[in-house]
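Student: Pasting in a structure now, in structure tokens, and then I'll have a few things to ask.
None of the figures in this text is laboratory data; all of them are computed from the coordinates on show. Owing to the predicted nature of the structure, the values given are computational and were not obtained by experimental measurement. Ideal geometry is used to build each Cβ from the backbone, glycine not excepted, and the neighbour counts take in all protein chains shown.
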Ligand code: SF4
């Protein structure tokens with residue numbers, strides 16, 4: 001399948017180079033495997049959609065202090081959940097989803113978070129990214145949740161086409177990486193995406209995988225970065 005994909009679509013980055021990039025980034029960021037309770041990861045996943053970590057983590061803590069199990073969460077009113085998770089993005093919708101999810105877990109899964117993608121996708125507010133987060137961090141299974149950072153970095157590197165959707169990117173990179181690499185790939189690429197391969201103006205001039213990357217504008221951004229570094233340096237002499 002992957003061979004056909006590469007042969008016909010003619011992606012520019014090879015799987016071998018992608019693996020090299022991952023290994024190089026791992027040496028720099030030294031990402032450890034994340035683990036947590038499946039219910040906590042599920043709450044985190046639902047809250048984190050379109051919300052920054054700085055807002056998600058405190059909101060998650062506030063909610064879990066009030067309700068650390070599906071049963072306790074089901075006893076809260078939607079208003080109480082809204083108050084606990086504000087100001088996460090779409091907090092009203094997410095509060096409704098969380099309450100429905102808690103009820104569904106009690107009615108369909110004996111109050112436990114299920115450990116398969118198919119079952120997780122049956123829960124309200126759970127899409128492929130959240131399901132994969134629960135599987136990899138909650139159950140230690142080899143999945144790569146693809147969010148906006150992972151998708152952007154994968155597209156710029158050239159391992160997937162420019163118009164690749166998160167689910168398509170996930171399929172491709174999960175086929176390439178080993179199970180052990182899959183356990184850290186999300187955290188690693190998100191860290192790299194926030195640190196260097198930023199959404200706007202990537203810092204290509206100090207990128208550790210510059211030689212492997214196939215992003216067309218990498219030379220432009222490298223030159224731009226070097227110029228602005230010189231400007232700020234000259235400013236002080
Ligand atoms: S060279 Fe630039 S675009 Fe390519 S991975 Fe590095 S920072 Fe991202």
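Student: I need 35, 65 ordered by Cβ neighbour count within 10 Å, fewest first. Kindly include the intermediate steps, with their values, before the conclusion.
Tutor: Numbers: 35 12, 65 9.
Final ranking by Cβ density, sparse to dense: 65, 35.
Student: Also: Have a look at 75, 47, 120 and tell me which one the Gaussian network model of the chain (Cα, springs below 10 Å) gives the largest fluctuation.
Tutor: 75
Student: Here's something else I'd like to know. Calculate, in whole percent, how much of the Cα-Cα pair population of segment 143-216 lies beyond 15 Å.
Tutor: Details: 1371 of 2701 pairs.
So the pairs more than 15 Å apart make up 51 percent of the total in segment 143-216.
Student: Along the three principal axes, how long is the chain when you take its alpha carbons, biggest first, rounded to the nearest angstrom?
Tutor: 59, 52, 29
Student: By how many nm would the segment from residue 162 to residue 194 grow when fully extended, if each residue of separation counts as 0.36 nm and the alpha-carbon distance is taken off? Mind dumping the intermediate values first?
Tutor: Working: separation 32, 0.36 × 32 = 11.52 nm, distance 1.92 nm.
Between residue 162 and residue 194, full extension yields 9.6 nm more.
Student: For segment 100-142, just run the numbers: alpha carbon Rg, then divide by 2.2 N^0.38 Å, N being how many residues it has.
Tutor: Dividing the Cα radius of gyration by 2.2 N^0.38 Å gives 1.06.
Student: Can you sort 107, 54, 168 by how many other beta carbons sit within 10 Å, fewest first?
Tutor: Ranked by crowding around the Cβ, least crowded first: 54, 107, 168.
Student: Give the value in nm², to one decimal: projected area of the alpha carbon convex hull of segment 33-101, averaged over all directions.
Tutor: Value for segment 33-101: 4.2 nm².
Student: In vacuum, with every alpha carbon of segment 65-109 counted as one equal point scatterer, what does the Debye formula give for log10 I(q)/I(0) at q = 0.15 Å⁻¹? Two decimals, please.
Tutor: So the normalised log intensities work out to -0.32.
Student: Let me ask something additional. Mean 1/r over all different Cα pairs, inverted: what Kirkwood radius does segment 115-169 give, in Å?
Tutor: Numbers: mean 1/r = 0.0849 Å⁻¹.
Mean inverse Cα-Cα distance, inverted, gives 11.8 Å.
Student: Then there's this: Dividing the Cα convex hull volume of segment 50-143 by residue count, how many Å³ per residue is that? Could you put the intermediate results ahead of the total?
Tutor: Values: hull volume 8.7 nm³, N = 94.
With only Cα atoms used, segment 50-143 gives 93 Å³ per residue.
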